[in-house]
């Protein structure tokens, strides 16, 4: 179950898992961290009680996890689930994590931890423009072909080229790994205006739930990549006195809408994804009737 933020993935996945009597593996690169429940829209207590979830609230915010880490973790989760169940549900909006699980990732050299920290600190202090300018000089290939509107991807690329002297794009072969299970990819579909209204409403609810206090509790870790995340970065700016609270909230809404647009672009490129109307009351039945991707 893939798709953009606020599209109703969690509710559909829980309904599907309940019907099948199975578990859910999250494919969200931030919901796995402790202390970020509100800003990452982790499943609530009732949802977690209804269906067992993996990769939710599992790691300290100080731990750096990559897509390669997720590939191995998720394969392990699925191995445990499929040992006693016929099916498992994977649900999330981090496209690279879903790709890593379904297709595998290329083997790459490790990046230097100190260099990575320096890049993250540079982004925290100087923003997206600094990353773009650095990549234009140090990795012009990534600057031409990479995701230069995605801070996480840019930080990874800059850390990689500074650690290895080579563009990260040189290690992307596109070879697909075999998996010991069949795959059905589904995403909830809705009009863009409806999705954006849902995003705006979700942000308002997060603020009511105490997002500001959550961000304040994470202030000592703001330099970490895990906190360079929509919903946190904007409120750090507010806490620094660089904008009003209402301005920060509007920025969260805008940046979340921008992120959802990037997610849609990513998943629309995957011809294996079945787009089903999110408000279809029979969506679970329709999912269960779909053919496997391979």
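Do you know which of the residues in region 97-128 that are closer than 15 Å to residue 267 by Cβ and surrounded by fewer than 21 Cβ atoms within 10 Å (Cβ to Cβ) is nearest to the chain's Cα centre (by Cα)?
Filtering region 97-128 for residues that are closer than 15 Å to residue 267 by Cβ and surrounded by fewer than 21 Cβ atoms within 10 Å (Cβ to Cβ), the one nearest to the chain's Cα centre (by Cα) comes out as 99.
Among the residues of region 184-200 satisfying the criterion of being outside any strand (DSSP E or B) and touching a strand residue (DSSP E or B) at 6+ places or on another chain (Cβ under 9 Å), which is surrounded by the most Cβ atoms within 10 Å (Cβ to Cβ)?
Going through the qualifying residues, I end up with 190.
So which residues in region 84-108 are assigned to a loop (DSSP other than H, G, I, E, B), closer than 30 Å to residue 167 by Cβ and touching a residue at least 60 places away in the same chain (Cβ under 8 Å)?
Within region 84-108, 92, 93, 94, 104, 106, 107, 108 meet the criteria.
Criterion first (in a helix (DSSP H, G or I) and at pLDDT 95 or above) does residue 81 satisfy it?
Yes.
Output the residues belonging to region 214-232 that are touching a residue at least 40 places away in the same chain (Cβ under 8 Å), assigned to a helix (DSSP H, G or I), more than 19 Å from residue 250 (Cα to Cα) and out of contact with any helix residue (DSSP H, G or I) (no Cβ under 6 Å at 6 or more places or on another chain).
Once the filter is applied, which keeps residues that are touching a residue at least 40 places away in the same chain (Cβ under 8 Å), assigned to a helix (DSSP H, G or I), more than 19 Å from residue 250 (Cα to Cα) and out of contact with any helix residue (DSSP H, G or I) (no Cβ under 6 Å at 6 or more places or on another chain), region 214-232 yields 217, 226.
If you check 235, 245, which single one turns out to be in contact (Cβ under 8 Å) with a residue 12 or more places away in the chain and under 18 Å from residue 124 (Cβ atoms)?
Within the list 235, 245, the selection yields 235.
Given the residues 23, 32, which is the only one that is touching a strand residue (DSSP E or B) at 6+ places or on another chain (Cβ under 8 Å) and in contact (Cβ under 8 Å) with a residue 40 or more places away in the chain?
Sole residue among the options that is touching a strand residue (DSSP E or B) at 6+ places or on another chain (Cβ under 8 Å) and in contact (Cβ under 8 Å) with a residue 40 or more places away in the chain: 23.
Check whether at least one residue in region 149-164 is more than 23 Å from residue 64 (Cβ to Cβ), in a helix (DSSP H, G or I) and in contact with a helix residue (DSSP H, G or I) (Cβ under 6 Å, 6 or more places away or on another chain), and report yes or no.
Within region 149-164, none of the residues are more than 23 Å from residue 64 (Cβ to Cβ), in a helix (DSSP H, G or I) and in contact with a helix residue (DSSP H, G or I) (Cβ under 6 Å, 6 or more places away or on another chain).
If we keep just the residues of region 1-23 that are assigned to a loop (DSSP other than H, G, I, E, B) and more than 18 Å from the chain's Cα centre (by Cα), which is farthest from residue 266 (Cα to Cα)?
My answer is 21.
Right, residue 41: modelled with pLDDT of 95 or more, out of contact with any strand residue (DSSP E or B) (no Cβ under 9 Å at 6 or more places or on another chain) and on the phi > 0 side of the Ramachandran plot or not?
yes
Can you give me the number of residues within region 129-155 that are modelled with pLDDT of 90 or more and either in contact with a strand residue (DSSP E or B) (Cβ under 6 Å, 6 or more places away or on another chain) or more than 30 Å from residue 178 (Cβ to Cβ) (or both)?
Of the residues in that region, 16 qualify.
Just for region 236-294: of the residues that are touching a strand residue (DSSP E or B) at 6+ places or on another chain (Cβ under 6 Å) and part of a helix (DSSP H, G or I), which one is farthest from residue 214 (Cα to Cα)?
Here the answer is 286.
Return the residue satisfying two criteria in turn: it lies in region 35-65 and is free of Cβ contacts under 8 Å to residues at least 24 places away in the same chain and in a loop (DSSP other than H, G, I, E, B), and of such residues it is surrounded by the fewest Cβ atoms within 10 Å (Cβ to Cβ).
Taking the candidates together, the pick is 44.
So the check is Cβ under 7 Å with 6+ separation or different chains; which pairs have a first residue in region 111-139 that's free of Cβ contacts under 8 Å to residues at least 12 places away in the same chain and a second one that's crowded, with 20+ Cβ neighbours inside 10 Å and assigned to a helix (DSSP H, G or I)?
That search, which allows pairs on different chains as well, returns 130/123.
The values are calculated or read from the model by the stated rules, or taken from the named source; none is laboratory data. Note that the structure is a prediction, hence the values are computed from the model and not measured. Glycine also receives a Cβ, built like all others from the backbone with ideal geometry; neighbour counts cover every protein chain displayed.
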